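Peer 1: Sharing a structure with you now.
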Amino acid sequence: MAIIQAMNEAGAVSREVLQLYCVRPTRDATRALSLELQQDAALQHLEQVKKLKPNNSLRDLTAPWRLHPEFCTRYYLLVGLETVSEELKDRYPHPNLTLQAGKIEEGESPLEAAKRELYEEARICCKHVAGPPVTLMSKGMFMYYAFVERDTTLHMVNDTLYIGYAPLELGIQ
């Protein structure tokens, strides 16, 4: 998790995502993180930060019936603190905790879109993403997952986190 802290300390991860956090995949854990961030002195400049909460897709994923309890004690989710953009302020008036997500662009597969959105919103390139996807929001969203285990290689190159890549693939000696 130190690498996530280093990414956050470097500044905003993307235009919408201010910071990244690791949280257990339960509603209680995501709610507790929201409450903690609402009180964080470093975030008080954010408009409507006191209304920060997990968004619908994160609440759907962390429903008690969705994930096995052992999964919830073994793994973490990577979530972003998404801020309010001027063009979406009417629709999304306050910041929220969210999974990296977005629309599928023309000619893109859902998996390609997932990898692109992960890079755009979190500056992460992940070599191995697993499927089939988890369906969220009554089939309105799909979530792919990647497991980062103790022996998974992590490299930070030019403000991008590369997961599962060999050093030579990245031009690192």
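The values are calculated or read from the model by the stated rules, or taken from the named source; none is laboratory data. Everything quoted here is computed from the prediction, not taken from an experiment. Quick reminder, even Gly has a Cβ in these numbers, built from the backbone with ideal geometry, and neighbours come from all protein chains shown.
Peer 1: Of the residues that sit in the stretch 14-64 and are among the β-branched types (Val, Ile, Thr) and touching a strand residue (DSSP E or B) at 6+ places or on another chain (Cβ under 8 Å), which one is farthest from residue 4 (Cα to Cα)?
Peer 2: 62
Peer 1: Let me ask something else about it. So residue 13 fits all but one of (1) assigned to a loop (DSSP other than H, G, I, E, B); (2) over 14 Å from the mean Cα position of the chain (by Cα); (3) surrounded by 14 or more Cβ atoms within 10 Å (Cβ to Cβ); what number is the exception?
Peer 2: Failing condition for residue 13: (2).
Peer 1: From the residues in the stretch 127-173 that are of a type outside the set (Gly, Ala, Ser) and at positive phi, which one is surrounded by the most Cβ atoms within 10 Å (Cβ to Cβ)?
Peer 2: Selected residue: 137.
Peer 1: Now, a different point. Go through the stretch 5-37 and count every residue that is within 15 Å of residue 64 (Cβ to Cβ) and acidic (Asp, Glu).
Peer 2: Of the residues in that region, 1 qualify.
Peer 1: Starting from the stretch 77-93, keep only residues that are under 21 Å from residue 62 (Cα atoms) and touching a residue at least 40 places away in the same chain (Cβ under 8 Å), then list their pairs with residues that are among the small types (Gly, Ala, Ser) and in a helix (DSSP H, G or I) whose Cβ atoms are within a distance under 7 Å, requiring at least 6 positions of separation or different chains.
Peer 2: Partner pairs satisfying both residue conditions: 78/122; 80/122.
Peer 1: Can you name the residue in the stretch 35-62 that is in a loop (DSSP other than H, G, I, E, B) and in contact (Cβ under 8 Å) with a residue 40 or more places away in the chain and is also farthest from residue 83 (Cα to Cα) among such residues?
Peer 2: Ranking the candidates gives 55 first.
Peer 1: So for the stretch 131-147 (the condition being within 18 Å of the chain's Cα centre (by Cα), under 27 Å from residue 38 (Cα atoms) and of a type in the set (Val, Ile, Thr)), does at least one residue qualify?
Peer 2: No - not one qualifying residue is present in the stretch 131-147.
Peer 1: Look at the stretch 117-134 and say how many of its residues are farther than 24 Å from residue 11 by Cα and assigned to a loop (DSSP other than H, G, I, E, B).
Peer 2: Adding up the residues that qualify gives 3.
Peer 1: Tell me, please, whether a residue that is assigned to a loop (DSSP other than H, G, I, E, B), crowded, with 17+ Cβ neighbours inside 10 Å and either modelled with pLDDT under 90 or acidic (Asp, Glu) (or both) can be found in the stretch 23-34.
Peer 2: Taking every residue of the stretch 23-34 in turn, none turns out to be assigned to a loop (DSSP other than H, G, I, E, B), crowded, with 17+ Cβ neighbours inside 10 Å and either modelled with pLDDT under 90 or acidic (Asp, Glu) (or both).
Peer 1: Take the stretch 63-116 and flag every residue that is part of a helix (DSSP H, G or I), modelled with pLDDT of 85 or more and not small (Gly, Ala, Ser).
Peer 2: Within the stretch 63-116, 69, 70, 71, 72, 73, 74, 110, 111, 112, 115, 116 meet the criteria.
Peer 1: Next question. Which of the residues belonging to the stretch 135-173 are aromatic (Phe, Trp, Tyr), in contact (Cβ under 8 Å) with a residue 40 or more places away in the chain and either closer than 17 Å to residue 77 by Cα or in a strand (DSSP E or B) (or both)?
Peer 2: Scanning the stretch 135-173 gives a single hit, 147.
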